[in-house]
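Let me begin by presenting the structure, written as structure tokens, before commenting on it.
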Amino acid sequence: MQENNRGQWSSSFGFLMASIGSAIGLGNLWGFPYKMGSSGGFAFLVIYLVLVLLVGIPLMTAEFALGRKTGTGAGAYAKLSKKYRPIGWMANFVPFVILSFYAVLAGMTLRYCLGFLVQIVGIDGFSGQGSGFFGYLLYDSSSMVIFLALALIITMVIVMGGVQGGIEKFSKTVMPALGVILIVIIIFVATQDGAVEGYKFMFKPDLSLFSDPESFFGVLKVAAGQMFFSLSLAMGINITFGSYLTKDRDIQKNALIVPFSDTLFAVLAGMMIMPACAAFGVDFGAGPGLLFASMQNVFLDGMGGLIGNVMGFLFYFLVFIAAITSAIALLEVCASSIVDRQIEKGKNPNRKKISLILAVCLFVVGLPAALDALGSGGALLKAPFELLGLEIGGPGYAMWNDCWLDFYDMLTEGVLMPLGALLMSLLLGWKLPNLVKEECEEGGRPFKFAGYFKIAFRIVIPVIMLIVLYTQIQAFFNI
Ligand code: TRP
């Protein structure tokens, strides 16, 4: 069925690298450390790992299976039955919204990368701001817009090349290189005075949080959102990837390797950033700027000189590429659904035109996130709370209105992804209980963990999702 003109992975390795490349991105390097930093360190780590095992792995298996079975992207749901079509719409809407703010962040990493590059030849790349550059950049509207546009253009050009040409080639060398540079920086940071507090924050067992339900649920919801985001779950991407997978490939094995690698990179990023914060006096809970603030300190103040600039350049370059491989996959989901839909309607889709239109729309939707200075107030574009006439921290101020990026982020990873996961697991647990099993057994492979998967889709995942959704909606509206 899928031997059509949509392309296929030239090798198992290519498939793995592309899915790992799409999974590993800003979620791991930017999101995981800052969320762990603001939400309880060790407790966050433990809850996160448990969620990956109990929820992430079964869902990823299911998505690969669903994609291969139906041979389409997020439109897979509609293929199962017309009435499931809305789940597919959601799976397209979510990556679109994510990409709009993802490109803003990717653009910022590109800005840092170029900053270090010019410093190598002796030009000040950070506008005289040194390690305080993050706060400055947020208000530098023209840079924010230019780099947002650049990130989108680069992504679009690659997607226009099609599946094999674009994504596969790109991912193969970048991920190993990123792993190596993370380890080099981890070792450097470990030698800095005070770094040990960072390890304690991450690894020293502190279970006090588990005795207080309110903080427990608070951390659970952040960790769950982060897991969805980082594993790119509940938004069609793994379905799309699965659709390019041939029948002789082992779904279950791939659905273990991808989450494992993704989690490994997140933990490594944590082991780089937390000790760096401790050593250079950055608050663990500094929020979304944590990656930028802590790492710039390491390169400018810790390493310093030429080495610092070269390492800074390499690091931000690799983070940027990691972000781009994810951005490619995000755009690919949206583009391929439109392509599939048009084929379905008997039209002859123009992939390039579709990618271009999407990129333009993404730019427009991403602009507010680039221009409101993350809600610090008084930026070129007002943050949602300012538009509503609210005060920072005052009555009515809530997560959904504190800044545009948080609004997009909360809407997607906070609400729509858990909702998508809830619907999908109910569907697979109760309505189509044999789909995943049969698809995994193709090629005569035994379906492992059949017992757990059954209760996972029927009960465990739905229950966890309901708790997450409830807590999330409460936080979203501050009720
Ligand atoms: N998982 C990616 C990251 O950690 C982000 C992401 C979310 C993504 N959804 C996606 C990437 C869909 C590709 C496709 O950065």
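The values are calculated or read from the model by the stated rules, or taken from the named source; none is laboratory data. None of the values given here were measured: they were computed from a predicted structure. Counting neighbours? That spans all protein chains shown, and the Cβs are built from the backbone with ideal geometry, glycine included. Protein only, heavy atoms only, side chains kept; ligands, DNA and RNA dropped before computing areas. Shrake-Rupley method; radii C 1.70, N 1.55, O 1.52, S 1.80 Å.
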Query - MRE, 222 nm, helices only [DSSP H, n ≥ 4, -39500 (n - 2.57), over the chain, to nearest 500] - result: -21500 deg cm²/dmol
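Looking at the stretch 381-456, which GluC sites (Glu not before Pro) are in a loop (DSSP not H, G, I, E or B) and have at most 14 other Cβ atoms within 10 Å?
Loop-located and lightly packed - GLU391.
Might you tell me the accessible area per residue for the stretch 96-161, computed with a 1.4 Å probe and given in Å²?
Accessible area per residue, the stretch 96-161: 34 Å².
Given 25 °C and 0.890 mPa s, how large is the Stokes-Einstein diffusion coefficient of the stretch 5-147 in µm²/s, with Rh as the Kirkwood radius over Cα pairs?
130
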Query raised in the report: Rounded to the nearest 20 Debye, what is the dipole magnitude of the stretch 177-279 about its Cα centre when Lys and Arg each give +1 and Asp and Glu each give -1 at the C-beta?
Result: 320
Query raised in the report: If the chain between THR173 and ASP301 were fully stretched, how many nm would it gain, using 0.36 nm times the residue separation less the Cα-Cα distance?
Result: 43.1 nm
Report task. At 0.36 nm per residue, minus the direct Cα-Cα distance, what do GLU344 and LEU356 gain on full extension? Give it in nm, one decimal, please. Result -> 2.2 nm
Query raised in the report: Counting Lys +1, Arg +1, Asp -1, Glu -1, what net charge surrounds TYR77 among other residues with beta carbon under 10 Å of its beta carbon?
Result: +4
Report task. Taking just the C-alpha trace of the stretch 279-412, give me its Rg and Dmax in Å. Result -> 19.9, 60
Query - Probe 1.4 Å, all protein chains present, accessible-area order of LYS454, LYS437, largest first - result: LYS454, LYS437
Query raised in the report: With N residues in the stretch 349-479, what two-decimal value do you get for its Cα radius of gyration over 2.2 N^0.38 Å?
Result: 1.48
**Report entry** Per-selection metrics, the stretch 256-312 (Cα): Rg and Dmax in Å
**Finding:** 13.1, 42
Query raised in the report: Computed over the Cα atoms of the chain, what is the convex hull's projected area averaged over all directions, in nm²?
Result: 21.7
**Report entry** Accessible surface of the stretch 51-172 [probe 1.4 Å, protein heavy atoms]: carbon and sulfur percent
**Finding:** 70
Query raised in the report: Using alpha carbons only, how many degrees (0 to 90, rounded to 10) separate the axis of helix 251-280 from the longest principal axis of the chain?
Result: 10
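When every alpha-carbon pair in the stretch 170-309 is counted, what percent end up more than 22 Å apart?
In whole percent, the long-distance tail amounts to 53.
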Query - Listed residue pairs exceeding 32 Å between alpha carbons, taken from LYS347/LYS448; LYS79/LYS253; LYS352/LYS382; LYS353/LYS454 - result: LYS347/LYS448; LYS352/LYS382; LYS353/LYS454
Report summary line: Rounded to the nearest 10 Å², the 1.4 Å probe accessible area of LEU291 is 0
Report summary line: Relative to the chain, whose Cα atoms define the longest principal axis, helix 417-426 and its Cα axis are tilted in degrees, nearest 10, by 20
Requested in this report: For LYS204, go through the lysines and keep the ones whose alpha-carbon is under 30 Å away, minus same-chain ones fewer than eight residues off.
Outcome: LYS35, LYS221
